[in-house]
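Below: the structure, in structure tokens.
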Amino acid sequence: DGGITQSPKYLFRKEGQNVTLSCEQNLNHDAMYWYRQDPGQGLRLIYYSQIVNDFQKGDIAEGYSVSREKKESFPLTVTSAQKNPTAFYLCASAADTYEQFFGPGTRLTVL
Amino acid sequence: EDQVTQSPEALRLQEGESSSLNCSYTVSGLRGLFWYRQDPGKGPEFLFTLYSAGEEKEKERLKATLTKKESFLHITAPKPEDSATYLCAVWGSQGNLIFGKGTKLSVKP
């Protein structure tokens, strides 16, 4: 089945710890995106990549980092510099830059 | 500034009671308006893309329409399984999707 997978489904982070969220797609899409979703707010763009080895900051990139070494993979690292990381994180991909398809999400909680 | 506003924030319907959700947008040069459905704890599921005023698309009990300033998602004779949060987004002038905060729909049997 073609689709987008995210792992883990739930993730717990201690203060001062970096954690990495995985996003993989087998749709052969060029573009991939990371969003953050908080209660009562719309999805906010963290980072996006339109091609391998290239990525751009979104609206809320501070405290996050990404890499795009393979077309299929776009991992997101939440660093200790992100002061309020508790949120639902969503990865998406698109064949062009318009219709985006989302993965199931990772819920990150700070202990 | 690009902006998307959805109303109402929450909508409660009885099964079979038709209604509409609104998405108002401000963007220079619309390059696409998107509707998604999101169930609790899950990623958004793509529903429709609309590109130009007057365009309509349908899927089962859902029908999306577009004008120059807003889009409506009409729900005809809804069922409890239609309960979800419906998200609207537009392609912004900075080259990314701008999302509204969503409308939470509850359909009671």
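Regarding the stretch B:17-86, what whole-number volume in Å³ per residue does the convex hull of its Cα atoms give?
So the per-residue Cα hull volume is 89 Å³.
So for the stretch A:1-107, what percent of the C-alpha to C-alpha distances run longer than 24 Å?
16 percent
Once phi is turned into ³J(HN,Hα) by the Karplus curve 6.51 cos²θ - 1.76 cosθ + 1.60 with θ = phi - 60°, what whole-Hz value does each residue of the stretch B:76-93 show in order, with x for glycine and proline?
For the stretch B:76-93, the Karplus-derived couplings read 9, 6, x, 10, x, 6, 7, 4, 4, 9, 9, 10, 10, 8, 10, 7, x, 5 Hz, x marking Gly and Pro.
What average number of partner chain Cβ atoms lie no more than 10 Å from the Cβ of the residues making up B:30-41?
Average neighbour count from other chains, rounded to a whole number: 2.
Under a cut-off of 17 Å between alpha-carbon atoms, report the lysines in cross-link reach of B:LYS79, not counting same-chain residues fewer than 8 places apart.
B:LYS59, B:LYS63, B:LYS104, B:LYS108
If you average the alpha carbon positions of the stretch A:6-20 and of the stretch B:29-48, how far apart do those two centres end up, in angstrom?
A separation of 26 Å, based on Cα centres.
When Cβ neighbours within 10 Å are restricted to other protein chains, what is their mean count per residue of peptide B:96-103?
The shielding value for this peptide is 6.
Averaged over A:81-92, how many beta carbons belonging to a partner chain fall within 10 Å of each residue's beta carbon?
1
What residues qualify as long-range amide H neighbours of B:GLY102, i.e. H under 5 Å apart, gap of 5 or more or another chain, H built at 1.01 Å from N?
B:GLN6, B:CYS88
Given just the C-alpha atoms of the stretch B:62-109, how large is their convex hull per residue in cubic angstrom?
Values: hull volume 3.9 nm³, N = 48.
Dividing the Cα hull volume of the stretch B:62-109 by its residue count gives 81 Å³.
Each residue of the stretch A:60-67 in turn: what ³J(HN,Hα) in whole Hz from Karplus with 6.51, -1.76, 1.60 and θ = phi - 60°, glycine and Pro shown as x?
After applying 6.51 cos²θ - 1.76 cosθ + 1.60, I find 9, 6, 4, x, 10, 9, 9, 9 Hz.
Values in this text are rule-based calculations from the coordinates and carry no lab data. These numbers were taken from a predicted model, which means no experiment stands behind them. Glycine gets a Cβ as well: all are built from the backbone with ideal geometry, and neighbour counts include every protein chain shown.
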